[in-house]
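Participant: Here it is: the structure, laid out below.
Read-outs throughout are calculated quantities, based only on the coordinates presented, and are distinct from any laboratory measurement. The structure displayed is predicted, hence computed values, not measured ones. Here the Cβ is made from the backbone with ideal geometry for all residues, glycine too, and neighbour counts use every protein chain on show.
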Amino acid sequence: MATDYNGKRTAVGEALTSLILDLFRLNSLLVTAGDRLVAKLGLTSARWQILGVVAASERPQPVAWLARDMGANRQNVQRIINDLRKQGLVAFETNPHHRRAQLVVLTDKGKQTFDAAMRLQAPWINRLSEALSTKDIQAVKHVITTLRQKLESNGSE
């Protein structure tokens, strides 16, 4: 039985729906490829991503701020941070502004592991980017950024 959606998509709406479905599939493939790429380092894509956010931070931040910067759920980020701590890749420091919201920092082992992951990523991304143009990538990035900004400012409407 067909479902009636009480309305039709515009041509642009159809194209965007198709793009979003492709992005969902691409995300799944990227996570799987990332997992394979860093498995020998004891990482997953999720752990690698969080290490990257911690490494890129100008100063130590609490888990809630890291989650906000990633657009992720705080509880999920906390769980992964706890796993990274057990691996000795991150540590907690006292937050002078908030007793309970400790600051997350990379340990020396965490820095070495993240650097090793990035050394694996460079040749992989270079191979993946073959036959793509910078102009095309910038156009896709523009579309994704515009959509993200609309969703962030308007919710999921």
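Participant: Which number gives the lysine pairs in the range 34-157 that have C-alpha atoms under 20 Å apart and are eight or more places apart or on different chains?
Facilitator: Pairs that pass both the separation and distance tests number 6.
Participant: Give me the percent relative contact order of the chain, please, defined on Cα pairs under 8 angstrom at least 6 residues apart. It would help to have the intermediate numbers written out before the result.
Facilitator: Working: 104 pairs, mean separation 28.0, N = 157.
Once divided by the residue count of the chain, the mean separation gives 18 percent.
Participant: Grab the DSSP H runs of the chain that are 4 residues or longer, score each as -39,500 (n - 2.57), total them, divide by all residues and round the 222 nm result to the nearest 500 deg cm²/dmol. Let's see the in-between values first.
Facilitator: Values: 6 runs with 103 residues, N = 157.
Taken over the chain, the calculation gives -22000 deg cm²/dmol.
Participant: A follow-up question, please. Over all directions, average the projected area of the Cα convex hull of the range 60-99 and note it in nm².
Facilitator: Averaged projected hull area, Cα only: 2.9 nm².
Participant: Ordered by residue, what ³J(HN,Hα) values in Hz, to whole numbers, does the range 14-26 give under the Karplus form 6.51 cos²θ - 1.76 cosθ + 1.60, where θ = phi - 60° and Gly and Pro are x?
Facilitator: 4, 5, 5, 4, 4, 4, 4, 4, 5, 5, 4, 5, 4
Participant: Just check the range 41-132 against the gyration tensor rule for me: Cα atoms, a ≥ b ≥ c as the square roots of the eigenvalues, rounded for a/c under 1.5, and otherwise prolate or oblate depending on whether a/b exceeds b/c.
Facilitator: prolate
Participant: Please tell me the relative contact order of the range 41-132 in percent, rounded to the nearest whole number, where contacts are Cα pairs under 8 Å and at least six residues apart.
Facilitator: 30 percent
Participant: At what distance in nm do the modelled label points of R9 and Q121 sit from each other, each positioned 7 Å from its Cα along Cα→Cβ?
Facilitator: Distance between the two pseudo-spin positions: 3.1 nm.
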